[in-house]
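To keep things clear, I will list the structure first and then write my remarks on it.
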Amino acid sequence: MSRTRTALLAAMALVAGATGTAFAVDPGSAGIAAVPCTVDYKIQNQWSTGFTAAVTVTNNSAAKSSWSLKWSYAGNQKVTSGWNAKLSQSGAAVTAANETYNAQLATGGSVSFGFQGSYSGSNAIPATFTLDGVTCNVDDGGPGGPTDPPDPGGPSTRVNNPYEGAKVYVNPEWSANAAAEPGGSRVAGQPTGVWLDRIAAINGAGGKMGLRAHLDEALRQKGSGELVVQFVIYNLPGRDCSALASNGELKADEIGRYKTEYIDPIKAILADSKYASLRIVTTVEIDSLPNLVTNTGSRPTAVPQCDVMKANGNYVKGVGYALNKLGDVPNVYNYVDAGHHGWIGWDDNFGPTATIMKEAATAEGATVNDVHGFITNTANYSALKENNFTINDTVGGKSVRESKWVDWNRYLDELSYAQAFRNQLVSAGFDSNIGMLIDTSRNGWGGAARPTGPGATTSVDTYVDGGRYDRRFNAGNWCNQSGAGLGERPKAAPAAGIDAYVWMKPPGESDGSSKAIPNDEGKGFDRMCDPTYTGNPRNNNNMSGALADAPVSGHWFSAQFRQLMQNAYPPLS
């Protein structure tokens, strides 16, 4: 959680300066009951003729089933477009009314919305705001003393491991897809992550549940006990610069939209007091920061798009902003994506990746206290634990590290990598109590192809290849892998330093299409998802190992799900 708090000035309007940010309101200047409502109006970006603003309204009066906020401009500002509220303007007077999904405003609850506007001359903050006719930011003389409300940046009530002693949310949409497959009922009750992979996913797109709908269902599943609900925050500008299948909707320079149209609305919903009893785990921006280390500059794996993202800093800024905003919600637990052993396990990647994690965790107002932990192997296939050989084995005088499969990596599997990388992150400045998550949704590698012992000792390659559980052509292969199986079922505190094994990637949801498929989700075609592709430097020019006839990423892939069940390890009963 962020330990800093913005000092807001009571009953005062500030003109936006060179920073493009302005505030009006001090919710701590009087008792909650005495100030009926507070408004935080921030100009986030400003240029010669326009600006974007974010507004947060907090209701300190009786709960509302609908709301309407009004203000008037002193200059000639015009609202041109908005989000998360119905905005209208008549002359200088502006009205922002609730949408259907954010009409409820509990006592002490907040709602946020944003808009883009135009102006000329000055762009002063409105002096007065009214919520349903009542003036905000002013003591109305009602009951309540001068006590300061709880500081959202103060001490947290978070537990050390959110998964311990808690159930985990079962996404009913994924569960229905799983149950519809032959034998799928055996795993349909498992908890999986909910992916917010575009702006439209926040409110629900394509007939799918939105964020509030999932949270409401989580409350229903919670009952009287504790419950964790898992969300994947996944919409950075220039997303997945090295993997076209999972490119996103936001262009490389659209950091403003990422903040105001994506993170801010998510934060506003998660901060609703209605959901304060849930333990909300956010997996923050998978497959992003490690790209800045491994796929830039003069490296043979470099990708021009990754050089762009390193130069503009928007991966670091975006992750920092997300951590800062989401970390201010007391029941949110941020876990940052940390790649996997087959990506970061080499000496020249290991330390630098931890360093850039620290850079992101201290950007855009975030601190390391906004990070509860890290997650490895998200949506990947790296085996949890290789038991048939160790990194210290030698064959014919050659180290296992010299084998083509290991290729001088220091780690063979995800458990050893996650535990070691955790120590590296602590050394880089993260809290010593951080915990790791490992995505085991597709790393079981069971079935008939699972080795029962070490390979032959005729060479270091036959020894490793004959004994390894992971049957990919190369550990850099990531798309819809043939032969994969469900891994360890989700469980809390399974090993030292590990908060949980999770199924953050819902099994059966495609990694990417095996051929180009037009779509309105901003997702491209990556040859690594083409089973005929012969590879590139990032997988040592091996075959892709991808399944044929795959749909666009995130869409249901029945053939893959059936394979995952067939090859599950531990096996399904």
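Please give the FRET efficiency for residue 385 paired with residue 176, using the beta carbon to beta carbon distance and R0 = 41 Å, rounded to the nearest 0.05.
Numbers: r = 32 Å, r/R0 = 0.78.
For R0 = 41 Å, the calculated efficiency reads 0.80.
For residue 68 and residue 122, what is the calculated FRET efficiency with R₀ set at 25 Å and r taken between the beta-carbons, to the nearest 0.05?
Computed FRET efficiency for residue 68 and residue 122: 0.40.
A 19 angstrom limit on the alpha carbon distance is what I want to check against. Which of 222/259; 222/491; 167/358; 42/325; 251/310; 267/317 exceed it?
From 222/259; 222/491; 167/358; 42/325; 251/310; 267/317, over 19 Å: 222/259; 167/358.
For the stretch 257-268, in order, what is each residue's ³J(HN,Hα) by Karplus, 6.51 cos²θ - 1.76 cosθ + 1.60 with θ = phi - 60°, in whole Hz (x at glycine and Pro)?
After applying 6.51 cos²θ - 1.76 cosθ + 1.60, I find 5, 4, 6, 7, 9, 10, 5, 4, x, 5, 4, 4 Hz.
Averaged per residue, what accessible area in Å² does the chain show with a 1.4 Å probe, protein chains only?
Value returned for the chain: 38 Å² of accessible area per residue.
Dipole of the chain (Lys/Arg Cβ +1, Asp/Glu Cβ -1, origin at the Cα centre): which of 399, 508, 93 lies farthest to the positive side?
Selected residue: 508.
If you take the square roots of the eigenvalues of the alpha-carbon gyration tensor of the stretch 155-233 and sort them as a ≥ b ≥ c, do you get rounded (a/c under 1.5), prolate (a/b over b/c) or oblate?
oblate
Among 225-236, 544-555, 75-86, how do they line up from the highest to the lowest mean number of other beta-carbon atoms within 10 Å? Could the numbers behind the result be given before it?
Values: 225-236: 23.6, 544-555: 21.2, 75-86: 16.8.
Peptide ranking by packing, descending: 225-236, 544-555, 75-86.
Assuming a viscosity of 0.692 mPa s and a temperature of 37 °C, what translational diffusion coefficient in µm² per second does Stokes-Einstein assign to the stretch 291-379, Rh being the Kirkwood radius over Cα pairs?
It diffuses with D of about 240 µm²/s by this estimate.
Taking amide H atoms as placed 1.01 Å from N in the peptide plane, list the residues 5 or more away in sequence, or in a different chain, whose amide H sits under 5 Å from that of residue 82.
So residue 82 has HN proximity to 116.
Pop a pseudo-label 7 angstrom from the Cα along the beta-carbon direction at both residue 159 and residue 80 and give the gap in nm to one decimal.
Going from the residue 159 label point to the residue 80 one covers 4.9 nm.
Relative contact order for the chain: what is it in percent, counting Cα pairs under 8 Å that are at least 6 residues apart? Can you show the working numbers first?
On the way: 1382 pairs, mean separation 68.0, N = 573.
This gives 12 percent for the chain.
At 10 °C and 1.306 mPa s, what whole-number value in µm²/s does Stokes-Einstein give for the translational diffusion of the stretch 503-563, with Rh from the Kirkwood sum over Cα pairs?
Estimated diffusion coefficient is 132 µm²/s.
Which log10 I(q)/I(0) values does the chain give at q = 0.07, 0.08 Å⁻¹ under the Debye formula, counting every alpha carbon as one identical point scatterer?
The Cα Debye sum returns log10 ratios of -0.43, -0.56.
Pairing the Cα long axis of helix 211-222 with the longest principal axis of the chain, what angle in degrees results, from 0 to 90 and rounded to the nearest 10?
70
Can you give me the pair-distance distribution of the stretch 395-504, C-alpha pairs, 10 Å bins, whole percents?
13, 36, 35, 15, 1
Taking residue 398 as the anchor, which aspartates and glutamates have their alpha carbon closer than 15 Å to its alpha carbon, excluding any fewer than eight residues away along the same chain?
407, 461, 465
Once the piece of chain linking residue 465 and residue 47 is laid out straight, how much longer is it, given 0.36 nm per residue of separation minus the C-alpha distance between them?
Net length gain for the segment: 144.6 nm.
Using only alpha carbon positions, build the gyration tensor of the stretch 444-573, then give the equivalent ellipsoid semi-axes as the square roots of 5 times its eigenvalues, largest first, whole angstrom.
Square roots of five times the eigenvalues give 26, 21, 14 Å.
Please find the FRET efficiency linking residue 540 to residue 219, where r is the Cβ-Cβ separation and R0 is fixed at 56 Å, and quote it to the nearest 0.05.
Plugging the Cβ-Cβ distance into 1/(1 + (r/R0)^6) gives 0.70.
Average the reciprocal distances over every distinct pair of alpha-carbons in the stretch 40-93, invert the result, and give the Kirkwood radius in Å. Display every interim value, and only then the final one.
On the way: mean 1/r = 0.0762 Å⁻¹.
Kirkwood radius, the stretch 40-93: 13.1 Å.
Considering only protein heavy atoms and a probe of 1.4 Å, how much of the accessible area of the chain is carbon and sulfur, as a whole percent? Walk me through the intermediate numbers first.
Working: 11190 of 21600 Å².
Taking all protein chains in place, the chain shows 52 percent carbon and sulfur surface.
Would you calculate the separation in nanometres between label points at residue 92 and residue 200, each defined as 7 Å from the Cα along the Cα-to-beta-carbon direction?
About 4.0 nm, to one decimal.
Please state, as a whole number in µm²/s, the translational diffusion coefficient that the Stokes-Einstein equation yields for the stretch 149-301 at 20 °C and 1.002 mPa s, with Rh defined as the Kirkwood radius across alpha carbon pairs.
For these conditions, the coefficient is 122 µm²/s.
Using each residue's phi in the stretch 460-467, evaluate 6.51 cos²θ - 1.76 cosθ + 1.60 at θ = phi - 60° and report the 3J(HN,Hα) Karplus result to the nearest Hz, with x for Gly and Pro.
Here the 3J(HN,Hα) series is 5, 6, 5, 5, 6, 5, x, x Hz.
With runs of 4+ DSSP H residues as the only contributors, calculate the mean residue ellipticity of the chain at 222 nm using -39,500 (n - 2.57) per run, divided by the residue total and rounded to the nearest 500.
-5500 deg cm²/dmol
The values are calculated or read from the model by the stated rules, or taken from the named source; none is laboratory data. None of these values were measured; they are calculated from a predicted model. When we count neighbours, we look across all protein chains shown, and the Cβ atoms used for this are built from the backbone with ideal geometry, even at glycine. Heavy atoms of the whole protein, side chains included, go into the accessibility calculation; ligands, DNA and RNA do not. Shrake-Rupley method; radii C 1.70, N 1.55, O 1.52, S 1.80 Å.
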